[in-house]
């Protein structure tokens, strides 16, 4: 997929987030990068076969106080090639992008990986 098309897919995922999330997103930048850096992969890839599909950098929502207005934006990075490598079709890419965006937005709101996995499991059932 061309980077521009992938970026549009990420924008669509953000647009399609549940309204209660979408309306509360503030001071957030979402970027697309081709791959995670080696440092990020080593830090967050738990096994040699795991890969990082997205990453949230920032202060979770519940820890932001009135002082937070003059801070640089939080950042979500979506990694294009690892997502594409897991998918066989464009539709699968779109679905995986939505899952990754939703997961990283969950971190923005302060949810842990464990909580997010439980939510993801219950949504699949």
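The values are calculated or read from the model by the stated rules, or taken from the named source; none is laboratory data. Predicted model only: the values in this text are computed from it and were never measured. All Cβ positions, glycine included, derive from the backbone under ideal geometry; neighbour counts span all protein chains shown.
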Criterion (farther than 22 Å from residue 62 by Cβ, modelled with pLDDT under 90 and in a loop (DSSP other than H, G, I, E, B)) met by exactly one of 36, 48: 48
All positions within segment 84-99 that are over 14 Å from residue 8 (Cβ atoms) and touching a residue at least 60 places away in the same chain (Cβ under 8 Å): 84
Residue that is nearest to residue 17 (Cα to Cα), among those in segment 105-119 that are surrounded by 17 or more Cβ atoms within 10 Å (Cβ to Cβ) and in contact (Cβ under 8 Å) with a residue 60 or more places away in the chain: 105
Hey, residue 12 in a helix (DSSP H, G or I), surrounded by fewer than 16 Cβ atoms within 10 Å (Cβ to Cβ) and in contact with a helix residue (DSSP H, G or I) (Cβ under 8 Å, 6 or more places away or on another chain) or not: yes
Of all residues in segment 57-82 being outside any helix (DSSP H, G or I) and buried (at least 18 other Cβ atoms within 10 Å of the Cβ), the one that is modelled with the lowest pLDDT: 58
Conditions (1) modelled with pLDDT of 90 or more; (2) outside any loop (DSSP other than H, G, I, E, B); (3) in contact with a helix residue (DSSP H, G or I) (Cβ under 7 Å, 6 or more places away or on another chain); number of the one not met by residue 116: (1)
Within segment 83-99, tally of residues that are modelled with pLDDT under 95 and crowded, with 19+ Cβ neighbours inside 10 Å: 0
So residue 30, is it free of Cβ contacts under 8 Å to residues at least 40 places away in the same chain, touching a strand residue (DSSP E or B) at 6+ places or on another chain (Cβ under 7 Å) and within 21 Å of residue 120 (Cβ to Cβ): no
Selection count, segment 15-33, where residues are more than 20 Å from residue 73 (Cβ to Cβ) and assigned to a loop (DSSP other than H, G, I, E, B): 2
